[in-house]
1. Among THR98, VAL73, LEU87, which residue has its Cα furthest toward the positive end of the charge dipole of the chain, with +1 on Lys/Arg Cβ and -1 on Asp/Glu Cβ?
2. Fully extended, how many nm does the chain gain between SER24 and TYR62 (0.36 nm per residue separation, minus their Cα-Cα distance)?
3. Using θ = phi - 60° and the Karplus curve 6.51 cos²θ - 1.76 cosθ + 1.60, what whole-Hz ³J(HN,Hα) does each residue of region 93-102 get, with Gly and Pro shown as x?
4. With the crude spin-label approximation of a point 7 Å out along Cα→Cβ, what separation in nm comes out for ILE40 versus GLU137?
5. So in the chain, what percent of DSSP beta bridges are antiparallel if you round to the nearest 5?
6. Only one of the values (1) 15.4; (2) 16.8; (3) 18.1 was calculated from this structure for Kirkwood radius over Cα pairs in Å; name its label.
7. Evaluate E = 1/(1 + (r/R0)^6) for THR33 and LEU88, where r is the Cβ-Cβ distance and R0 equals 35 Å; express this FRET efficiency to the nearest 0.05.
8. For ASP72 and LEU15, calculate 0.36 nm times their separation in residues minus their Cα-Cα distance, and state this gained length in nm to one decimal.
Amino acid sequence: TGMAWAQDPQPNDLLLATLWTQRSVEFKGNALTVYALAKIRLDQALADKKWTAAPVEQKGDYQNLPPAIVLDVDETVLDNSPYEVWLLKNNQGFNLKTWNEFCAAQISRAIPGAVEFTRLADSKGVKVFYLSNRGVETEKDTEVTA
């Protein structure tokens, strides 16, 4: 007689990465540490008018320009792991339609430490620029979330 055995679930790197992002104290601790260091480096940079993050590319009289920082949006400022959870639950891969719907839902959360860092930078007169490869159709939803 043939017995049917339940198969063990297949390993899924997306599941492990998503669980780590959402549940581990190491992820939160790492993010908070990175942003705490960014605060220290920001103060050091502001104290030295000649400092630039782009010494080769920086040209002209940059010392007299207002200070600025540039941050990536996704997974640097915003945690999009709820989208990964949806992909897992629905056995889906990334696609632009569901990604844009996720962006429109405005449920991304801030990476730990990101809000405090950007507020501190703003309070010191530093202009914060956000870079993203999100499509233009998600611009308004991203602005609200970020």
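1. Towards the positive end, the residue furthest out is VAL73.
2. Numbers: separation 38, 0.36 × 38 = 13.68 nm, distance 4.10 nm.
Result for the pair: 9.6 nm of gain on full extension.
3. Computed from phi, the couplings for region 93-102 are x, 4, 8, 4, 4, 6, 5, 5, 5, 4 Hz.
4. Each label point is offset 7 Å from its Cα along the Cβ direction, giving 4.5 nm.
5. Working: 2 of 8 bridges.
Counting only bridges with both partners in the chain, antiparallel ones make up about 25 percent.
6. (3)
7. Here the calculated transfer efficiency is 0.80.
8. Details: separation 57, 0.36 × 57 = 20.52 nm, distance 2.35 nm.
Taking 0.36 nm per residue and subtracting the Cα distance, the gain is 18.2 nm.
Any read-out appearing in this document is the output of simple, stated calculations on the displayed coordinates, not a laboratory observation. Quick caveat: nothing in here was measured; it's all calculated off a predicted structure. Virtual Cβ from ideal backbone geometry, glycine too; neighbours counted across all protein chains shown.
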